[in-house]
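The block underneath contains the structure these notes are about, expressed in structure tokens.
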Amino acid sequence: MEKDIVINGMRVHYDETGPADAPAVVLMHGWGCDHTTVRSIAAILEPGLHVYNLDLPGHGRSDEPPTAWGVGDYTALVEEFCRLNGIVRPTLIGHSFGGRIGLLMSSRNDIPRMVLVDGAGIKPRRKPKYYIKVYSFKAAKKLLPLLFGQKRGQAMIDRWRGKAGSADYRNSSPVMRAVMSRCVNEDLKHVMPDIKASTLLVWGEKDTATPLSDAKYMERHIPDAGLVAFPDAGHYSFLDNPGGFKAVMREFFKKDLAASRQ
């Protein structure tokens, strides 16, 4: 059932499925996506679990954040969402950007289980040319309007941004660009030892956005974590290998799904 809830004046859209009296799952999509992207994950679980599939702020039918939010702001919103809906000790599932929220939320709440699917949360290692590009762009933002006038200088900056930025960055609004820049540069390695949730890591070995090395780091530093990697899958491993993903999820949630068949 498609629903909306207002949290601190912000509309948050979500899809709620599964038996009302079943254990709760909060499902969080990746950057530039919405709840429909991970609908196939909800479909695996909803026979035996009560799934809340969110449109994170700035995505889908949810409002944009009022300012450049960081991971902590998104996590606080999901925590408040749970409080308002009476959700206690939910299982967390996060794909990509949703994994950032899962990491932080599970490190400071009583979360029994978590699934990270090609999850983000480790600051990427940058090559020198990346920093050259970043600082060149920052310098250009200051100098071009002075050299060519505000209007022409801004047009040149926008063209530069369009060529240099990622597709996700180019397709985002100014607020969401700032959110993306802030969140990408947050490293959540320090919270991993505090995570008590039984954690399943599902990855594509060909993932270039959140490489397999990130998953291996998480497996070593989250106390109760296990990794399943699909050789021929990328950043959307749940779509690239739907059969394998479904089998892994059914095994991890076998008690809940078995109870639904009784």
Problem set entry | Of all residues making up the stretch 77-95, the number that are open to solvent by 50 Å² or more (accessible area, probe 1.4 Å) and hydrophobic (A, V, I, L, M, F, W, C) | 2
Exercise. Arg220 passes all but one of (1) out of contact with any Asp or Glu (no Cβ under 9 Å at 6 or more places or on another chain); (2) surrounded by 15 or more Cβ atoms within 10 Å (Cβ to Cβ); which number fails?
Worked result: (2)
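Being among the aliphatic types (A, V, I, L, M) and either under 15 Å from the mean Cα position of the chain (by Cα) or over 20 Å from Phe97 (Cα atoms) (or both) is the filter; apply it to the stretch 40-58 and report the residue that is most open to solvent (accessible area, probe 1.4 Å).
The initial filter retains those residues of the stretch 40-58 that are among the aliphatic types (A, V, I, L, M), namely 41-45, 49, 51, 54, 56.
After this cut, where a residue has to be either under 15 Å from the mean Cα position of the chain (by Cα) or over 20 Å from Phe97 (Cα atoms) (or both) as well, the list is 41, 43-45, 49, 54, 56.
Numbers: Ile41: 1, Ala43: 50, Ile44: 23, Leu45: 1, Leu49: 0, Leu54: 2, Leu56: 2 Å².
Looking at residues that are among the aliphatic types (A, V, I, L, M) and either under 15 Å from the mean Cα position of the chain (by Cα) or over 20 Å from Phe97 (Cα atoms) (or both), I get Ala43.
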Seminar exercise, completed: Over the stretch 7-54, the set of residues among the charged types (D, E, K, R) and part of a strand (DSSP E or B) is Arg11, Asp15, Glu16
Exercise. Going by the structure shown, is Thr37 open to solvent by 10 Å² or more (accessible area, probe 1.4 Å), within 23 Å of Gly121 (Cβ to Cβ) and among the polar types (S, T, N, Q)?
Worked result: yes
Exercise. Any residue at all in the stretch 59-73 that is open to solvent by less than 10 Å² (accessible area, probe 1.4 Å), assigned to a helix (DSSP H, G or I) and not charged (D, E, K, R)?
Worked result: yes
Exercise. Is there a residue in the stretch 108-127 that is at pLDDT below 75, open to solvent by 50 Å² or more (accessible area, probe 1.4 Å) and not in a loop (DSSP other than H, G, I, E, B)?
Worked result: no
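The values are calculated or read from the model by the stated rules, or taken from the named source; none is laboratory data. As the structure is a prediction and not an experimental result, all values here were calculated from the model. Neighbour counts run over all protein chains shown; Cβ positions are idealised from the backbone, glycine included. Side chains included, ligands, DNA and RNA excluded: accessible areas come from the protein's heavy atoms. Shrake-Rupley method; radii C 1.70, N 1.55, O 1.52, S 1.80 Å.
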